[in-house]
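*Asks:* After the structure tokens below, expect a handful of questions from me.
The values are calculated or read from the model by the stated rules, or taken from the named source; none is laboratory data. Note that this is a predicted model, so its numbers are computed, not measured. Backbone-built Cβ (ideal geometry, glycine too); neighbour counts: all protein chains shown.
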Amino acid sequence: MFTHIYGDLMVNVTLSVPEEVKKMMDEYSEVKWSEVARKAIIQKLAMLRKLDEMSVSSTLTDADIEKMEHEIKRKVAKKHGM
């Protein structure tokens, strides 16, 4: 599916998961877990690249970002009664 974008050469990457997760994965042996992981990694990379593109043109300072982060955390905590 993604080989036309990223080429045909594949390398192996070892992934560690908790034992309980592995047991649950084994219950679904028909699932190609490497493909699930590959798609998730590609999706995450696409999102990170989009964020990188957005941040290049951003005029926010680190202080602005920290202030926004604090406000978001405060509102999430309030929403969840923390």
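*Asks:* Look at segment 30-56 and say how many of its residues are under 19 Å from VAL17 (Cα atoms) and not β-branched (Val, Ile, Thr).
*Replies:* Looking only at that region, the number is 10.
*Asks:* Give all pairs with beta carbons closer than 7 Å in which a residue from segment 18-30 that is surrounded by 10 or more Cβ atoms within 10 Å (Cβ to Cβ) meets a residue that is assigned to a helix (DSSP H, G or I); count only pairs at least 6 apart in sequence or on separate chains.
*Replies:* MET25/TRP33
*Asks:* Somewhere in segment 10-18, is a residue in a helix (DSSP H, G or I) and either touching a strand residue (DSSP E or B) at 6+ places or on another chain (Cβ under 6 Å) or at pLDDT 90 or above (or both)?
*Replies:* no
*Asks:* Next question, about the same structure. From the list LYS23, LYS50, LYS44, which residue is under 20 Å from ASN12 (Cβ atoms), basic (Lys, Arg) and assigned to a helix (DSSP H, G or I)?
*Replies:* Just a single option satisfies the conditions, and that option is LYS44.
*Asks:* Any idea how many residues of segment 26-41 are part of a loop (DSSP other than H, G, I, E, B) and farther than 26 Å from LEU9 by Cα? Before you say what the answer is, go through the steps one by one.
*Replies:* Just the residues of segment 26-41 that are part of a loop (DSSP other than H, G, I, E, B), to begin with: 27-32.
This time we only want the ones that are farther than 26 Å from LEU9 by Cα, so: 27-28.
So the count comes out to 2.
*Asks:* Please determine, by comparing only the residues of segment 53-82 that are not in a helix (DSSP H, G or I) and not small (Gly, Ala, Ser), which one is surrounded by the fewest Cβ atoms within 10 Å (Cβ to Cβ).
*Replies:* That would be THR59.
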